[in-house]
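The values are calculated or read from the model by the stated rules, or taken from the named source; none is laboratory data. This one's a predicted model, so the numbers in the text were calculated from it and none came from an experiment. Here the Cβ positions follow ideal geometry from the backbone for every residue, glycine too, while neighbour counts run over all protein chains shown. SASA here: full protein model, heavy atoms, side chains in, ligands and nucleic acids out. Shrake-Rupley method; radii C 1.70, N 1.55, O 1.52, S 1.80 Å.
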Amino acid sequence: TTGNYNTSVGSDSLKANISGHNNTALGFEALQAATVSNNTALGYQAGLLVTTGTNNTFVGTLAGDAVTTGSSNQFMGVGAGGGVVGGTSTQGNHNIGIGYNSFVESVVLTTGSHNIAIGNFTRTNAADSTFATVIGYNVAGTSGYTTLGKDAEDIRAAHGNITWATVSDERYKKDIVDSTAGLAFINALQPRTWKYKT
């Protein structure tokens with residue numbers, strides 16, 4: 001009735017919009033429930049349940065399909081960000097997910113904010129994670145850490161830290177066997193001290 005500058009292509013796309021502006025919905029039921037402004041959804045049921053969330057971009061089948069009140073999320077890939085819902089004004093906002101089922105595999109991000117997941121099946125290890133950066137394939141990250149890797153083979157560093165660490169916890173490991181390296185291997189090690197060149 002009063003919304004301006006909207007583009008809707010696809011059955012039931014932007015169906016509930018009355019006064020929202022600057023929305024683009026391409027695909028069956030894309031942004032179907034949206035009543036606000038500045039959302040872009042491309043793909044089957046992309047942004048399906050957005051009601052009051054603004055400034056979101058969803059690209060891919062079912063990308064951001066569970067988002068309701070979350071804002072400023074960017075999800076690209078089939079199912080990317082499909083579990084992020086929103087919540088309070090500080091929940092479910094400012095997330096970036098790129099890759100098939102990012103933020104959905106194993107642990108579903110629902111109310112977390114300020115997270116980045118790049119790669120198929122990348123995710124955080126809690127539904128309310130904040131400030132986690134995860135890059136790789138099928139790898140999980142933790143709030144306040146940057147994690148790189150593949151499956152359980154990853155390295156991570158706390159934000160603000162200058163060193164990387166590998167995960168040492170037994171819960172993250174499989175196929176654990178005794179090492180065949182003996183005393184000769186240990187005796188052959190040559191510890192070194194050094195300084196950086198100027």
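Quick notes on this one:
- FRET E, pair Val9, Lys150, Förster distance 30 Å, beta-carbon r, rounded to 0.05: 0.20
- The residues of the chain expose, per residue, 56 Å² of accessible area to a 1.4 Å probe.
- Exposed chymotrypsin sites (Phe, Trp or Tyr not before Pro) absent: longest stretch of the chain, with sites in DSSP loops and at most 14 other Cβ within 10 Å deemed exposed: 6-163
- Were the residues from Thr51 through Thr35 laid out at 0.36 nm apart, the gain over their Cα-Cα distance would be 5.2 nm.
- Secondary structure note: in region 64-192, about 30% of the DSSP beta bridges are antiparallel.
- Cα gyration tensor, region 1-97 - rounded (a/c under 1.5), prolate or oblate: oblate
- Taking trypsin sites (Lys or Arg not before Pro) in DSSP loop conformation with at most 16 other Cβ atoms inside 10 Å as exposed sites, the chain has its longest uninterrupted site-free stretch at 16-172.
- Counting every alpha-carbon pair across the chain, the share separated by more than 20 Å comes to 58%.
- Protein accessible area in region 4-134, 1.4 Å probe - carbon and sulfur %: 59
- Here region 127-198 is treated with +1 on each Lys and Arg Cβ and -1 on each Asp and Glu Cβ, and its dipole about the Cα centre works out to around 480 debye.
- Per-pair calculated FRET efficiency, R0 = 22 Å: Lys197 and Asn161 via Cβ, rounded to 0.05: 0.40
- Remark: the Cα gyration tensor places region 77-194 in the prolate category, a/c being 1.5 or greater and a/b exceeding b/c.
- For the pair region 1-80 and region 96-136, the centres of their Cα atoms are 20 angstrom apart.
- Summed side-chain charge close to Gln45 - residues other than Gln45 whose Cβ falls under 10 Å, Lys, Arg +1, Asp, Glu -1: -3
- If you model region 44-96 as an ellipsoid using its alpha carbon gyration tensor, with each semi-axis the square root of five times an eigenvalue, the axes come out at 16, 10, 8 Å, biggest first.
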